[in-house]
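Enquirer: Pasting in a structure now, in structure tokens, and then I'll have a few things to ask.
The values are calculated or read from the model by the stated rules, or taken from the named source; none is laboratory data. All of these numbers come straight from a predicted model, not from anything done at the bench. Cβ sites come from the backbone with ideal geometry, for glycine too, and all protein chains shown count toward neighbours.
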Amino acid sequence: MTAAETARGILELTRPVNVIAASVLTCIGAFVAGGLTEAPVAVGSAVAATGLAVGAGNAINDYFDREIDRINQPERAIPRGAVSPNGALAFSVVLFLVAVGLSLTLPTLAIAIAGVNLLALIAYTEVFKGLPGVGNALVAYLVGSTFLFGGAAVGDLEAASVLCLLAAIATLTREIIKDVEDVDGDRAEGLNTLPIAIGERRALLVALSLLVIGVLASPLPYLLELFGLAYLVVVIPADLVMVYAGVRSFADPTAGQSVLKYGTFLAALAFVVGRLDELLGVM
């Protein structure tokens, strides 16, 4: 392997798109909480810590998942030989340490959330991933908590908590659908994921049921008078996209979970629009 190929492999370990997405979600959490202008340094530290922690978590996940990935994802950096397992582990440790250092500059609640999340990221693959539904729920919490972390960094959790809950439900749905997609490799590795434990169709029904609960709960910010009508204008199309994705998953889990991801980001945009509307007093 050349140095360029190794560097590319190291970058791939972090899942750059996921790193950017998680960082943006933390920034949205801070914005919804009203802290972008009031505490810009804290927001910057929280966003950077989120990105580094997610990158570290993805790298260590690839380290532990290297045998499964030889079946499910042979093109990933470790299975194809671009990065050694030990190299991936060392890289993740460095990222974790920097993320911890940045988190320690934040308020106490944000530090507590960061501590729980870092432990969860490290333990996910070895302890929780193979437990039916438990690993999915942990990932859902981690995604939702990016909004919570952003809100905690600026000291306001009200709107961020609702966003955390809705994002966690949507993510839990997507994780179950992804397990249906990966069932062959997971079964070969001896994992007992939800689709393996109860069957693929039943798992998809569970996922769709959770999604419907999330959609029904999505008007909460409007009903609680956190946001105005502008929020509903954006969140309703997001709900429709996510329900379509859930139904689509029965025929094509890969396409379904991909569409669901876009629906989740559209729902996050609804919170941004709601906050902007509150600031500008448009609707």
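Residue by residue, here is whether (1) aliphatic (A, V, I, L, M); (2) more than 16 Å from Pro132 (Cβ to Cβ); (3) touching a helix residue (DSSP H, G or I) at 6+ places or on another chain (Cβ under 9 Å) holds:
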| site | (1), (2), (3) |
| --- | --- |
| Gly190 | no, no, no |
| Pro195 | no, no, yes |
| Ala203 | yes, no, yes |
| Leu210 | yes, no, yes |
| Pro221 | no, yes, yes |
| Glu225 | no, yes, no |
| Gly228 | no, yes, yes |
| Gly246 | no, yes, yes |
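Enquirer: Only one of Ala267, Ala203 is small (Gly, Ala, Ser), touching a residue at least 12 places away in the same chain (Cβ under 8 Å) and under 18 Å from Leu166 (Cα atoms). Can you tell me which?
Expert: That would be Ala267, the only listed residue that is small (Gly, Ala, Ser), touching a residue at least 12 places away in the same chain (Cβ under 8 Å) and under 18 Å from Leu166 (Cα atoms).
Enquirer: Filter region 243-264 down to the residues that are hydroxyl-bearing (Ser, Thr, Tyr), over 18 Å from Leu165 (Cα atoms) and within 14 Å of the chain's Cα centre (by Cα) and list them by number.
Expert: Answer for region 243-264, where residues must be hydroxyl-bearing (Ser, Thr, Tyr), over 18 Å from Leu165 (Cα atoms) and within 14 Å of the chain's Cα centre (by Cα): just Ser258.
Enquirer: To continue, here is another question. Is there any pair linking a residue in region 75-93 that is closer than 10 Å to Tyr63 by Cα to one that is aromatic (Phe, Trp, Tyr) and part of a helix (DSSP H, G or I), with Cβ under 6 Å and at least six apart or on different chains, and which?
Expert: Taking only residues 6 or more apart or on different chains, the pairs are Pro85/Tyr63; Ala88/Tyr63; Leu89/Tyr63.
Enquirer: Would you mention how many residues in region 123-168 are surrounded by 24 or more Cβ atoms within 10 Å (Cβ to Cβ), more than 10 Å from the chain's Cα centre (by Cα) and of a type in the set (Val, Ile, Thr)?
Expert: The qualifying residues number 1.
Enquirer: From the residues in region 76-104 that are surrounded by 15 or more Cβ atoms within 10 Å (Cβ to Cβ) and of a type in the set (S, T, N, Q), which one is farthest from Ala53 (Cα to Cα)?
Expert: Ser84
Enquirer: Go through region 50-75 residue by residue and tally those that are surrounded by fewer than 19 Cβ atoms within 10 Å (Cβ to Cβ) and either charged (D, E, K, R) or within 30 Å of Thr105 (Cα to Cα) (or both).
Expert: 4
Enquirer: Scan region 163-183 and report the pairs whose first residue is closer than 10 Å to Val143 by Cα and whose second residue is aromatic (Phe, Trp, Tyr) and not in a helix (DSSP H, G or I), with Cβ atoms within less than 7 Å and a gap of 6+ or a chain change.
Expert: If the second residue must be aromatic (Phe, Trp, Tyr) and not in a helix (DSSP H, G or I), no pairs are left.
Enquirer: Taking region 12-56 only, how many residues are free of Cβ contacts under 8 Å to residues at least 40 places away in the same chain, farther than 19 Å from Ala167 by Cβ and within 14 Å of the chain's Cα centre (by Cα)?
Expert: Number satisfying all stated conditions: 1.
Enquirer: Further, regarding this structure: Looking at Ala203 and the list (1) in contact with a Ser or Thr (Cβ under 9 Å, 6 or more places away or on another chain); (2) closer than 28 Å to Ile20 by Cα, which single condition is not satisfied?
Expert: Only one criterion is unmet by Ala203, namely (2).
Enquirer: Please enumerate the residues belonging to region 12-43 that are over 23 Å from Val273 (Cβ atoms) and either in contact with a helix residue (DSSP H, G or I) (Cβ under 9 Å, 6 or more places away or on another chain) or buried (at least 20 other Cβ atoms within 10 Å of the Cβ) (or both).
Expert: Glu12, Leu13, Thr14, Arg15, Pro16, Asn18, Val19, Ala42, listed by residue number.
Enquirer: Do we find a residue being among the small types (Gly, Ala, Ser) and farther than 25 Å from Val183 by Cα anywhere in region 71-85?
Expert: Yes, there is a match, as at least one residue in region 71-85 is among the small types (Gly, Ala, Ser) and farther than 25 Å from Val183 by Cα.
Enquirer: With respect to Ala110, is the statement that it is part of a helix (DSSP H, G or I), crowded, with 16+ Cβ neighbours inside 10 Å, of a type in the set (A, V, I, L, M) and out of contact with any His (no Cβ under 7 Å at 6 or more places or on another chain) true?
Expert: When the stated conditions are applied, Ala110 passes them.
Enquirer: So, of the residues in region 240-258 that are modelled with pLDDT under 90 and closer than 18 Å to Ile213 by Cα, which turns out to be surrounded by the most Cβ atoms within 10 Å (Cβ to Cβ)?
Expert: That would be Gly256.
Enquirer: Go through region 210-231 residue by residue and tally those that are in a helix (DSSP H, G or I) and buried (at least 18 other Cβ atoms within 10 Å of the Cβ).
Expert: 7
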